[in-house]
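Read through the structure below, which is laid out as structure tokens, and then see the notes.
The values are calculated or read from the model by the stated rules, or taken from the named source; none is laboratory data. Everything numeric in this text was worked out from a predicted model, so none of it was measured. With ideal geometry, Cβ positions are generated from the backbone for all residues, glycine too; neighbour counts draw on all protein chains shown. Please note that ligands, DNA and RNA were not included when accessible areas were found on the heavy atoms of the full protein model with its side chains. Shrake-Rupley method; radii C 1.70, N 1.55, O 1.52, S 1.80 Å.
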Amino acid sequence: MKMGTLYIVATPIGNIEDITNRAKRILNEVDIVASEDTRTTQKLFNILGIKNKTISNHKFNEKQQVDFLISALSEGKNIAIVSDAGTPCISDPGGVIVKAAADHGIKIESIPGASSVISALSICGMAFTNFSFYGFLPKEAKEIKKIIESAKKNEISVFVFFESPKRIKKTLQIFAAEIPEAELCLCNDLTKMFERIYRGRAENILTELLANPAAEKGEYTLVAELCTIAEILTDSVSQSLESMLIDHIVNNEVSMKEAVNALAVKYKGTITKKEFYSASLMLKSLLAQDLREDR
């Protein structure tokens, strides 16, 4: 008996017009649609006029569903996997059945379409040839800080994160403290009613967010361009700590103490505040010596 095909079908992340004709045809034709939430899928089907049966396949039961789905595919039935929105298997259920189908030699086809990751990257305006995707950020602040430190050590400079509307303000506060120099493109409610794009550094975006009464409506996709460890080390090799301090003092018209604090924040995790402080003492000593010689 010929085995069936497993289709991974992308659905709209918001705007219903983003469904492809091929996706609609496949969802109409398959024997089974395995969906993250059957209620959400049914609403989509009602709008599109699709009449097909659905079964649940979410993160809490997908391991239990594998045997049934593989059995159905082995019997020649075609199955479509859909998530609540966007492309399955990207921070959404689907990966378990895909791996099992591949292990059984079952044909797997991608029915491409909407993806908030690719959509955000396409409009971020950052120059990049590669990127890292971290999925949903953890709830704990210390875990977010660990991810930021990991990202800073990566040679890739552009990163994509997901965040919930309830936690986005807290997350931006952490970004502002840990990587204040990072350039961000924060995409809210992509393709939907409250869509809004914020650009700039975390502190500035947070100010805009606090002024937006609709800030807690819709999910967030955050694209961040960080200064990587490789870039920091290249920059610090070309400049001594003393010259970095002088540049900061002259360019920002601040005191030595303020320069030490600012640079310690900027290069956190790479150059310690103690190192900048030692450099400031050396600089003061050199300046005092110059003054004595001038006399």
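Quick check on my filter: what residues within the range 70-106 are surrounded by fewer than 21 Cβ atoms within 10 Å (Cβ to Cβ), under 30 Å from the mean Cα position of the chain (by Cα) and either closer than 19 Å to residue 137 by Cα or in contact (Cβ under 8 Å) with a residue 40 or more places away in the chain (or both)? Scanning the range 70-106 gives 84, 89, 90, 91, 92, 98. Do the conditions hold for residue 145, that is, is it in a helix (DSSP H, G or I), open to solvent by 70 Å² or more (accessible area, probe 1.4 Å) and either under 30 Å from residue 69 (Cβ atoms) or in contact (Cβ under 8 Å) with a residue 24 or more places away in the chain (or both)? Against the criterion (in a helix (DSSP H, G or I), open to solvent by 70 Å² or more (accessible area, probe 1.4 Å) and either under 30 Å from residue 69 (Cβ atoms) or in contact (Cβ under 8 Å) with a residue 24 or more places away in the chain (or both)), residue 145 qualifies.
Need at least 1 residues that are surrounded by fewer than 20 Cβ atoms within 10 Å (Cβ to Cβ) and at pLDDT 95 or above per element, so show me which strands (runs of 3 or more DSSP E) inside the range 172-244 make the cut, counting only ones lying wholly within it. Explain how you work it out, then say what you get.
Numbers: elements: 183-188, 196-200, 220-225.
Filter on the range 172-244 gives 196-200.
Cβ-Cβ distances below 8 Å connect the following pairs, each with a first residue in the range 1-23 that is in contact (Cβ under 8 Å) with a residue 40 or more places away in the chain and assigned to a helix (DSSP H, G or I), a second residue that is buried (at least 20 other Cβ atoms within 10 Å of the Cβ) and polar (S, T, N, Q), and a separation of six or more residues or different chains: 23/11.
Just to be sure before I move on: is residue 123 open to solvent by 40 Å² or more (accessible area, probe 1.4 Å), at pLDDT 95 or above and in contact with a strand residue (DSSP E or B) (Cβ under 9 Å, 6 or more places away or on another chain) in the structure I sent? In short, yes.
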